[in-house]
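**Student:** Take a look at this one; I'll ask things after.
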Amino acid sequence: MTLPKPEQPWRPAPETLSLAIVLTYLVAAAGVWSGLWGTEWAAISGELHQPPSAQHWLGTNRLGQDVLQRLLAGAATAFEVGVVVAVSTVVIGASIGGVAGFFAHGLIDGVATWLIGTIDAVPFYLFVAAVAVALRDWPGAMHLAMILSFWTLTARLVRTETMRLRHREFILAARAGGLNTFRILLRHIMPNLAPLLLVQSSLVFVAAVKAEVVLSFLGIGLQDSISWGIMIAEASQEILAGHYGNFLAASLALFGLVLSINRLTDRLQERIDPRTHASAHRKLP
Amino acid sequence: MKAGERSSRFLARRLFSAVPLLLGVTLISFTLTVHFGPDPAWEQLGRNPTPEQIQQVRHTMGQDRPFPLRYAGYLVNLARLDLGHSYASGEPVLDILLRTVPVSLLLVAPGFLLGIVLALVLALAAAWRPHGHLDRFCDLASATGMSLSLVIIVIALQAVFGVWLDWFPVRGWRLDGPVDYLEHAAVPTMALIAANMGYNLRFFRAVFRDVLADPPVRTARAYGFRARRIATGYVLRAAAPPILTRVMVAIPLIVISGSLIIESHFGIPGVGLVTWNAVMSGDQPVLMAVVSFSSILFVLALTATDLLTGLLDPRSRSA
Amino acid sequence: MSCIRLAALCLAMSAMAGCQQPDPGADQSEKVYRHAIDGAPSSLDPAHADNVYAATLVKNLFDTLYRYKYLERPYELTPNLAEGFPEVSEDGLVYRIRLRDDARFADDPAFPDARGRPVTAQDVVYSMKRHFMDETRSRGAWLWRDRIAGLEDGVEITDPEQPVSGLQAVDERTIRIELTEAFPQFTHTLAMALSAIVPREAVEHYGQEFGVRPVGSGPFVLERFDQSLAVLEPNPHFDRGTIQLDEEGYDADRHAGYGLAAINGKPYPLLDRLEIHFITEPTARWSSFESSRGVDVVMVPPEMADRVLETRQPLSLQPSIRERYHSLTGLEAGFVFHGFNMANPAIGYNDDPQRERRNRELRCAMRDAFDWSAKNKAFYHGLGRVFAGVIPPLLDSHDPQVAENSIAHRPERAKERLQAAVWQGESLPRLTYGLEASVQQRQMFEQFRAWMQAVGFPPGHFQPRPFASFGEYARAIGQRELDIFLLGWTLAYPDAQYALQLFYGPNAAPGANSMNYANPEFDRLYERAASMRAGPDRTRLYRRLNRMVIDDCVIIGSLARTRLHLWKRHVRMLPDREMVGGFFLRFVDVSDDRP
């Protein structure tokens, strides 16, 4: 299970490269949205299990569907699911966690921790399967199910950090200066949590892309659609028989996206954080 | 003395707070299974049922009683620690839990702990020298781990260690002594470590980077203090709150939900499989027992997190 | 920290537990056979054993009055707990069955002094009556309801002592059963796991827990049972003489190379320990089979076909596989098919006769557009047998003459039909396609939709509706929520009546007639055939019924899957998943030259 390593000696990849890769994926997805390619992902266009050829660049799968078409369509799904879920999760988690942490051990905090604890203690599959039944036929059901079950961890992390920060001098100063709570949270606390939130959002992004398969087998999810997760699930059935096409295509696509998003969020984190702003680390012994 | 008294009061308050949590969790879960869960009666029917038989089965299972009555009945039974019998097999739910929870615990604990320790060490070393060789390796490793699916990892490990090298059994579970245990737990442990490494590495590294940028650390490093002293004396402690939160919250999930994929692929009779089957078939007695148990564990885990955080974190102590 | 200490404690505990109970399976001289099946039973109560997983265990832990011969094909009944075949009255209504005098229940704390007692005629009567008691939650009562006198529809047994006119123990060893009308397949139902004999003491002693604490008179007793493994050990009270291979249908030519002759004349069961592994994941099943310590047998998952097969026509295995393993291929006693919901006026019966005719054309067009051979290639190794109608090739009454139009891929014909019946594009109805949520079923849906699209259906007109569990899927079909659905039907006994009941009007959903087919002529003929004895007349009638189903385009089907079994060379057996499934395990032997 080794993945090909880049041949040239490693240099700190400039963030432009990561950005370019992410943009490539976005272009691929945009092409699918505007109907330029990836629309024929369900069509059976050839013999089954064909190796790559001029007609099918990445070969065909078990049914004779074109793997490249499915890969492209999957890129669109990844953004539709991943971005929406990651952004919503982090926003909701940060708001609730922030408020709860700021008023720690008060009533709001009590209600918030109760809610977080309750959702966490309900088994994930039960929760998600129930949302599936309750909101059947509503296209956003899957996103909602994921957001509802993912936001709690972010909220917990933000709450813990906010509790720690709220006694710091600069916050006390801001309070003394008469700033209202909302502004303190937004202006002074959240920027300090930005690194955490960025990493958390990239983690949720990947988790959402991967959870999509599970949910689609529980009866929600993008029923009439294809995703990398589904391709990998298909691959897991045939990989022992020596058919690696689906697996390699979808896993490498996911790998590329994950790697560049990780890089991007790391760079972004360094930029925002005032302490590491000038790449101060490198001056240390 | 005073601190001890304070923390015991704190503990008592936290445990008391378990009551509303337990009520909330059970009410939500109960509502979800009753209103949106599968109808268990249909799992109990033969090949050629009539509408009357369906009614009959629903009646014997108490499915036709009003919701508040059923919920109240459940609470009363829970208070008496009477968990009932599984709809599917008739086995007492308590027996099921006693049989399966230790298995899941033994299965998951080594992989969970080793995975976290390994990820902590790697992440700290990587964050120590940003853009160093190790940092770049971790970068790639975490992206790889995050983009590989657990099922594929399991299949590959089984093929390599079970079939090709023939070092370990492909699947199964036997506890006839430590050798047996290690043999059967080895491959699942590897799978668990591989599956979680990506996420953990990434998260921990980010936390360490953040802490290492703290003024005290930078000053200490500039003065040339020993790395180990800085790491144990400040960095690990300061990084504790988010790491503990992430880790402790995972514990009840692991004990109760187990790991469905690991258990079903490795043929391990743990609680993950039991929970999954109960969700899928609407086996309410089993499901509600699992839910109640996990919410209690949650409260304990969170209490422990808060206590540990307070003890360890040098930043909040200084405040 | 605390976690580590806890883990260390657990480790120590497990080590201690290990020292106290040395494992009997570790003894190398023991005969151990590791069987694998692709699902786990939840309850081992015979009254719940209507699926192949539970039946596999129940047939080994309990006794049925009859069983199928180990090696004879087509499948043939032979007495098991009964002494001989039943004496049936001239009119086919009264059965007298004598029991063997040497059958005993296994020792269990449920009995006085924990000693198993002999099996009596009373036990047989109790085991049948039990199906009609509410608290049993029987899954098999439908087999006998309305057929045994005194168990008419609506009759409920509240007390095991309650007399039933058609179900009597004449003496300790004789049972008299009276039917309301002739039911020639009745003896077959007495070989089903559902009819296995249970002792009342144990049922009452264990109550609900009987499902996990089975007590019977079968060849094995249960040593361990959980959701991944069952371990069975021989029942010391089980003594049925020695194996007479000739009587089991042994044929030196047909069974050459399997080493079966060695078991002739030996008392059975032959194993010291029988492990039944429940492995749902095909990949895990395969890896376990390939490894040295894994299971001894595997039913090759279709995905692995390319690695196992050298050619398909004729069937031959890769040399490396041939060298290492024994193999057997055989058709399943059942089939898979796609059903239409005839109760939906959009595609089935309609008050408007013209629309009803157009609906028939619509269904027939979908059937013409369906490509069985592509489906066979993608999902069934390319080895499945596609046949017209619902009487599978395994049965004598299978009709080789029936026209193959209904299973041919004729997209042009489909388009013609649609055009002739004025169906086109958006005017076509929107249909709900039900599927059990799995990778494979999803792929089947995509394939189905692609074929329908090719003959002019707008792709959006098929709404896939996945269900996470079979129970939910069955509920949706039972409540008529789905328009097209894939179903598998396994014959519980080798008789076409078991397949044709799928279309009998009174069985409409939630019953087995999921299609809600309602044809009075079919019902009349079916009723007539059901009470007829085997013979050319009945076969003719069966085939006529089969053609009615084909002509009305009620289903798209069918395909009988080919089971491809591989097993390790040191095991002497002939595995089977159909009628003999479960029964064959008592004849499995393991040679000493285990690798």
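**Student:** For the stretch C:291-311, state whether one or more residues are within 27 Å of the chain's Cα centre (by Cα), outside the structural domain of C:I407 (by TED's automatic domain parsing) and hydroxyl-bearing (S, T, Y).
**Tutor:** no
**Student:** Report, by residue number, each residue of the stretch A:156-212 that is open to solvent by less than 30 Å² (accessible area, probe 1.4 Å), of a type in the set (D, E, K, R) and either within 30 Å of B:L148 (Cα to Cα) or more than 10 Å from chain B (Cβ to nearest Cβ) (or both).
**Tutor:** A:R156, A:E212
**Student:** Is it the case that the stretch A:104-122 has a residue that's open to solvent by less than 30 Å² (accessible area, probe 1.4 Å), charged (D, E, K, R), more than 10 Å from every other protein chain (Cβ to nearest Cβ) and part of a helix (DSSP H, G or I)?
**Tutor:** Within the stretch A:104-122, one or more residues are open to solvent by less than 30 Å² (accessible area, probe 1.4 Å), charged (D, E, K, R), more than 10 Å from every other protein chain (Cβ to nearest Cβ) and part of a helix (DSSP H, G or I).
**Student:** Also: Looking at (1) in the same structural domain as C:A408 (by TED's automatic domain parsing); (2) surrounded by fewer than 24 Cβ atoms within 10 Å (Cβ to Cβ); (3) touching a helix residue (DSSP H, G or I) at 6+ places or on another chain (Cβ under 6 Å), can you tell me which one C:T539 breaks?
**Tutor:** So the condition that C:T539 fails would be (3).
**Student:** Also: If I ask for residues that are of a type in the set (A, V, I, L, M, F, W, C), over 23 Å from C:A49 (Cβ atoms) and not in a helix (DSSP H, G or I), which ones from the stretch B:71-116 would you list?
**Tutor:** The answer is B:L81, B:L83.
**Student:** Turning to a different aspect of this structure: Test each condition in (1) away from chain C (no Cβ under 14 Å); (2) under 19 Å from the mean Cα position of the chain (by Cα); (3) of a type in the set (A, V, I, L, M, F, W, C) for A:A73 and report the one that comes out false.
**Tutor:** Evaluating A:A73 over (1) away from chain C (no Cβ under 14 Å); (2) under 19 Å from the mean Cα position of the chain (by Cα); (3) of a type in the set (A, V, I, L, M, F, W, C) leaves (1) as the failure.
**Student:** Still on this structure, I have one more. Out of the stretch B:169-181, which residues are without any contact (Cβ under 8 Å) to a residue 24 or more places away in the chain and either surrounded by fewer than 22 Cβ atoms within 10 Å (Cβ to Cβ) or more than 12 Å from chain C (Cβ to nearest Cβ) (or both)?
**Tutor:** B:R174, B:D176, B:G177, B:P178, B:V179, B:D180
**Student:** Determine whether B:R202 is of a type in the set (D, E, K, R), open to solvent by 10 Å² or more (accessible area, probe 1.4 Å) and either away from chain C (no Cβ under 14 Å) or closer than 18 Å to B:L124 by Cα (or both).
**Tutor:** Taking the combined requirement at face value, the residue does not satisfy it.
**Student:** Taking the stretch B:97-119, which residues are open to solvent by less than 10 Å² (accessible area, probe 1.4 Å), within 20 Å of B:P285 (Cα to Cα) and more than 13 Å from the chain's Cα centre (by Cα)?
**Tutor:** Correct list: B:T100 only.
**Student:** Out of C:N350, C:N341, C:N359, which single residue is at pLDDT 90 or above and within 29 Å of the chain's Cα centre (by Cα)?
**Tutor:** After ruling out the rest, the residue left standing is C:N341.
**Student:** Would you check if there is a residue in the stretch C:460-479 being in contact with a strand residue (DSSP E or B) (Cβ under 9 Å, 6 or more places away or on another chain), basic (K, R) and either in contact (Cβ under 8 Å) with a residue 24 or more places away in the chain or buried (at least 17 other Cβ atoms within 10 Å of the Cβ) (or both)?
**Tutor:** yes
**Student:** Let me ask something else about it. Quick one: is B:P102 within 12 Å of chain C (Cβ to nearest Cβ) and free of Cβ contacts under 8 Å to residues at least 24 places away in the same chain?
**Tutor:** Yes, satisfied.
**Student:** Here is a further query. What's the total number of residues in the stretch B:17-59 that are aliphatic (A, V, I, L, M), within 24 Å of B:V299 (Cβ to Cβ) and surrounded by fewer than 17 Cβ atoms within 10 Å (Cβ to Cβ)?
**Tutor:** Of the residues in the stretch B:17-59, 3 are aliphatic (A, V, I, L, M), within 24 Å of B:V299 (Cβ to Cβ) and surrounded by fewer than 17 Cβ atoms within 10 Å (Cβ to Cβ).
**Student:** Name every residue in the stretch C:111-142 that is assigned to a loop (DSSP other than H, G, I, E, B) and either open to solvent by less than 20 Å² (accessible area, probe 1.4 Å) or over 25 Å from B:S89 (Cβ atoms) (or both), in order of residue number.
**Tutor:** Correct list: C:F111, C:R115, C:G116, C:R117, C:V119, C:T120, C:G140.
**Student:** Here's another thing I want to ask about it. Given the conditions (1) within 18 Å of C:T78 (Cβ to Cβ); (2) buried (at least 20 other Cβ atoms within 10 Å of the Cβ), and given that C:E247 satisfies all but one, which numbered condition is not satisfied?
**Tutor:** (2)
This table checks each residue for (1) within 25 Å of the chain's Cα centre (by Cα); (2) open to solvent by 10 Å² or more (accessible area, probe 1.4 Å).
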| residue | (1), (2) |
| --- | --- |
| C:P219 | yes, no |
| C:L222 | yes, yes |
| C:L229 | yes, yes |
| C:H237 | no, yes |
| C:H255 | yes, no |
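**Student:** Among the residues of the stretch C:87-96, is there at least one that is away from chain B (no Cβ under 14 Å), outside any helix (DSSP H, G or I) and crowded, with 20+ Cβ neighbours inside 10 Å?
**Tutor:** Within the stretch C:87-96, one or more residues are away from chain B (no Cβ under 14 Å), outside any helix (DSSP H, G or I) and crowded, with 20+ Cβ neighbours inside 10 Å.
**Student:** Suppose we keep only residues that are at pLDDT 90 or above and open to solvent by 90 Å² or more (accessible area, probe 1.4 Å) within the stretch C:405-427. Which one would you say is nearest to C:F370 (Cα to Cα)?
**Tutor:** Looking at the filtered set, the residue picked out is C:E412.
**Student:** Another question, if that's okay. Hey, among B:H133, B:H184, which residue is under 18 Å from C:L229 (Cβ atoms) and more than 10 Å from chain C (Cβ to nearest Cβ)?
**Tutor:** B:H184
**Student:** May I ask you to list pairs of residues, at least six apart or on different chains, whose Cβ atoms are under 9 Å apart, with the first in the stretch C:385-398 being hydroxyl-bearing (S, T, Y) and the second being assigned to a loop (DSSP other than H, G, I, E, B) and open to solvent by 10 Å² or more (accessible area, probe 1.4 Å)?
**Tutor:** C:S397/C:D495; C:S397/C:A534
**Student:** I need every pair where a residue in the stretch A:54-69 that is of a type in the set (S, T, Y) has its Cβ under 9 Å from the Cβ of a residue that is outside any loop (DSSP other than H, G, I, E, B) and open to solvent by less than 50 Å² (accessible area, probe 1.4 Å), sequence separation at least 6 or different chains.
**Tutor:** The qualifying pairs are A:T60/A:D66; A:T60/A:V67; A:T60/A:G245.
**Student:** Something else about it: Can you tell me how many residues within the stretch C:429-440 are buried (at least 20 other Cβ atoms within 10 Å of the Cβ), away from chain B (no Cβ under 12 Å) and farther than 18 Å from C:N344 by Cβ?
**Tutor:** Residues flagged as buried (at least 20 other Cβ atoms within 10 Å of the Cβ), away from chain B (no Cβ under 12 Å) and farther than 18 Å from C:N344 by Cβ within the stretch C:429-440 amount to 0.
**Student:** Anything in the stretch C:282-329 that is farther than 22 Å from C:N376 by Cβ, away from chain B (no Cβ under 14 Å) and surrounded by fewer than 16 Cβ atoms within 10 Å (Cβ to Cβ)? List them, or say none.
**Tutor:** Residues satisfying the conditions are C:P319, C:R322, C:E323.
**Student:** Hey, another quick one. How many residues are within 25 Å of the chain's Cα centre (by Cα) and either within 14 Å of chain C (Cβ to nearest Cβ) or open to solvent by 30 Å² or more (accessible area, probe 1.4 Å) (or both) when one looks only at the stretch B:145-167?
**Tutor:** Matching residues across the stretch B:145-167 total 10.
**Student:** Identify all residues within the stretch B:79-99 that are within 10 Å of chain C (Cβ to nearest Cβ) and either under 30 Å from B:V211 (Cα atoms) or in contact (Cβ under 8 Å) with a residue 24 or more places away in the chain (or both); write none if there are none.
**Tutor:** Within the stretch B:79-99, B:G84, B:H85, B:S86, B:Y87, B:A88, B:I96, B:R99 meet the criteria.
**Student:** Checking B:L124 against (1) closer than 24 Å to B:V290 by Cβ; (2) more than 11 Å from every other protein chain (Cβ to nearest Cβ); (3) touching a Phe, Trp or Tyr at 6+ places or on another chain (Cβ under 9 Å), which test does it fail?
**Tutor:** Of (1) closer than 24 Å to B:V290 by Cβ; (2) more than 11 Å from every other protein chain (Cβ to nearest Cβ); (3) touching a Phe, Trp or Tyr at 6+ places or on another chain (Cβ under 9 Å), only one is false for B:L124: (1).
**Student:** For the stretch A:78-95, enumerate the residues that are over 11 Å from the mean Cα position of the chain (by Cα) and crowded, with 22+ Cβ neighbours inside 10 Å.
**Tutor:** A:G93, A:A94
The values are calculated or read from the model by the stated rules, or taken from the named source; none is laboratory data. Just so you know, these numbers come straight off a predicted model, no measurement behind them. We place every Cβ from the backbone using ideal geometry, glycine too, and count neighbours over all the protein chains shown. To get the accessible areas, we keep the full protein, side chains included, count just its heavy atoms, and leave off ligands, DNA and RNA. Shrake-Rupley method; radii C 1.70, N 1.55, O 1.52, S 1.80 Å.
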